Amino acid sequence: MLSRHSSACPLDCPDACSLEVRVEEGKVTRIDAGTANPLTEGFICAKVRRFTEHLYSPERLLYPAARSGRKGSGQFQRISWEEALERVTARLKEAAQQWGSESILPFSYGGSNGLISQDTTDARLFFRLGASRLARTVCSVPTRLAAEGLYGRMPTTAVEDYLHSQLIVLWGVNPSATGIHLVPIVQQALQRGAKLIVVDPRTTPLAARAQLHLPLRPGTDLPLALGIIRWLFEHGKADLAFLNEHATGVRQLRERSEPWELPKVAAETGLSVEDLESFAQSYAEAHPAVIRCGWGQERNRNGGSATAAILALPAVAGKFGVRGGGYTLSNSRAFGLNPLSAACADPPATREINMNLLGETLLGETQPPVKVLFVYNANPASTLPCQEKVLSGLEREDLFTVVFDQVMTDTAAYADLLLPATTFLERRELSRGYGAMVLQDAAAVIPPAGEARSNHEVFAELCRRLGLSREGEPETDEAIAQAILGAHPQGNAYRKALLERGVAHPPTGYAPIAFVDFLPWTADQKIHLFAEELHREARHGLYFYEADPASPRYPLSLISPATGNTVSSMLGQTWKREASLEMHPDDARARGIVDGDAVLAFNELGEVEVKARLSTSVRPGVVVIPKGLWRRHTLNGATSNALSPDTLSDIGGGACFNDARIEVRRAGTAPAS
Ligand code: SF4
């Protein structure tokens, strides 16, 4: 029997596609674009078109299982759910009694961005247990804090409005891999005469089409943005009337930009003064002009200040107040919806552990030591900095690790206990886009594979077994959705729109214009160009530049951008090819490396063995090993994260993947003395 179902993609991607799912004889046979989300009508990415490879993967977890081999071996024996839940309950109780509740660490991230699958009964369980809290900092925190510091949680420019832009700046983002629906919009805008500028160390597909590509050195976005700000003030191109009316902190920002004359910016970024002038001139003159700010600029020591300076540009140059102007970043907060965790309890004042420091936490002197690690919606063995430390931590025999996931990930191989989780097609999910301003409520389209269960169900059951449930609290998907929507003044309107159209938009509408439809969502409705909270938090103060950590021993900058093959590390098991290290032919020649050589990328943290691919799409001095790899994708089982330091960004404790400085040599050759 054949049936067609509407669904929505809740994976960690800005586009939030509506989906149409074809089911035959109880199995998904095809996934195409649905019609509810106006941005994504027409096409979806190859990853989700091929999602059946994930759903029916031989590596899918179908039953609970207990470890039967050494940690990391991936050997397990099937057990019943009853036994699994009993074991988890007993371990949680034992850890709390013997070591204190903070010896329990829940570990989760954005395996799904749904409001039903995360921060619901899971938060209730861990809050009430008094477990350690996790700072989810591996991505987007410096950027989010910078945006909120300057503008509050206001909505940002809808990408469809780029059709009105005269200039589009893509900064630290590669929509061809992440956020593919922007690509045809940019192409259409170019056909209409818009200009495109791309700021990225690599020649991405859109950088190749740009009128101006600025392949800056990784981690130098801050001097670049400050240099342009300085130029705008110096050349009388700052919109002083707008700043006077709508911004605070103008003087402090200008002072911080003062040292960054273009020749100095050029020396730091590796760009030419001519290109910098061209950027500044183009941005000053174009109207409307929009900046699509991504996340590439945050993954380094200066990430928070860099994002703040980039987001200050449209204010300084007066680019708001018109359709197709301003900037685009995350829009998920525009709905004003809070996760259920906001209602179920205040987070206890237990210790907070930065997820980027998991390896250090598991191996170090942290007191009490982490004794139970409960991983869900995440794959820390592949995705965190200092991979060797993380793996050594997961090998600890006195650590009890639960992994609740859909497939046998690199982390699952280290579990003591495996719990099989449903995918978004096997459960209901309420999800907000963080690019497209859409809220969607998608029902399950097929029954769970094997004995897979949903997050909210399993955590509610654990609450019951531990005596942490309270009468009448929402536990089912329906009750959780009602509680989340019901807590918002627009909840009824959201519900009505979801029922009638399958999609709801924020109260501001689908594509609102800042400074026309609303003012900044800060307390005084002003832009805070020198936000005090950011200045206080920033390691050396807001807009302070920390220099490149390269050394003569490790002169190459390693970056690990996303590809179109995975969503973060999710779907990695469907990526069959070996990964490669991309490097500029000049760097290769200097090291006697030719295309296809097995090479060793190394620094004091570890080494990664991969094949070299020579390419002029990376600038000299920069090498690329992609994000999202699993251990199987390299020749020695280490990913680029084996080389990433666990240092933190200036604001928000973000990961500094792009601060990895390395050397590369042909595999099998001796290190230079
Ligand atoms: S990952 Fe992104 S592009 Fe792909 S289906 Fe999901 S929302 Fe759409």
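Residue by residue, here is whether (1) surrounded by 18 or more Cβ atoms within 10 Å (Cβ to Cβ); (2) under 22 Å from the mean Cα position of the chain (by Cα) holds:
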{"site": "532", "(1), (2)": "no, no"}
{"site": "535", "(1), (2)": "yes, no"}
{"site": "538", "(1), (2)": "yes, yes"}
{"site": "544", "(1), (2)": "no, no"}
{"site": "555", "(1), (2)": "no, no"}
{"site": "578", "(1), (2)": "no, no"}
{"site": "583", "(1), (2)": "yes, no"}
{"site": "587", "(1), (2)": "yes, no"}
Does any residue of the range 201-220 turn out to be closer than 28 Å to residue 519 by Cβ and either open to solvent by less than 30 Å² (accessible area, probe 1.4 Å) or touching a residue at least 60 places away in the same chain (Cβ under 8 Å) (or both)? no
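Out of the residues in the range 152-190 that are of a type in the set (D, E, K, R) and away from the ligand (no atom under 16 Å from the Cβ), state the one that is nearest to the chain's Cα centre (by Cα).
The residue in question is 153.
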Tell me which of these residue 6 doesn't satisfy, since it passes every other one: (1) surrounded by fewer than 17 Cβ atoms within 10 Å (Cβ to Cβ); (2) within 15 Å of the ligand (Cβ to nearest atom); (3) closer than 24 Å to residue 111 by Cβ; (4) of a type in the set (Ser, Thr, Tyr). (1)
Considering the range 394-430, residues that are part of a strand (DSSP E or B) and open to solvent by 10 Å² or more (accessible area, probe 1.4 Å), and then whichever is nearest to the ligand (Cβ to nearest atom), we arrive at 405
May I ask you to list the residues in the range 192-221 that are charged (D, E, K, R) and not in a strand (DSSP E or B)? 192, 200, 209, 217, 221
Considering only residues that are among the small types (Gly, Ala, Ser) and not in a helix (DSSP H, G or I), which ones fall in the range 283-340? 286, 289, 294, 317, 318, 321, 324, 325, 326, 330, 336
Hits in the range 42-66 (condition: within 8 Å of the ligand (Cβ to nearest atom) and β-branched (Val, Ile, Thr)): 44, 48
Report, by residue number, each residue of the range 145-194 that is open to solvent by 40 Å² or more (accessible area, probe 1.4 Å) and in contact with a Gly (Cβ under 9 Å, 6 or more places away or on another chain). 145, 153, 163, 164, 166, 176, 178, 184
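Does residue 477 satisfy the criteria of being open to solvent by 70 Å² or more (accessible area, probe 1.4 Å), of a type in the set (D, E, K, R) and in contact with a Ser or Thr (Cβ under 9 Å, 6 or more places away or on another chain)? Spell out the reasoning first.
Numbers: open to solvent by 70 Å² or more (accessible area, probe 1.4 Å): no; of a type in the set (D, E, K, R): yes; in contact with a Ser or Thr (Cβ under 9 Å, 6 or more places away or on another chain): yes.
So residue 477 fails the test.
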Can you work out which of the residues in the range 15-27 that are surrounded by fewer than 24 Cβ atoms within 10 Å (Cβ to Cβ) and within 14 Å of the ligand (Cβ to nearest atom) is nearest to residue 179 (Cα to Cα)? 20
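The values are calculated or read from the model by the stated rules, or taken from the named source; none is laboratory data. Note that the structure is predicted; figures quoted are calculated from it, not measured. Note: ideal-geometry Cβ built from the backbone for every residue, glycine included; neighbour counts use all protein chains shown. With ligands, DNA and RNA removed, areas are computed over all heavy atoms of the protein, side chains included. Shrake-Rupley method; radii C 1.70, N 1.55, O 1.52, S 1.80 Å.
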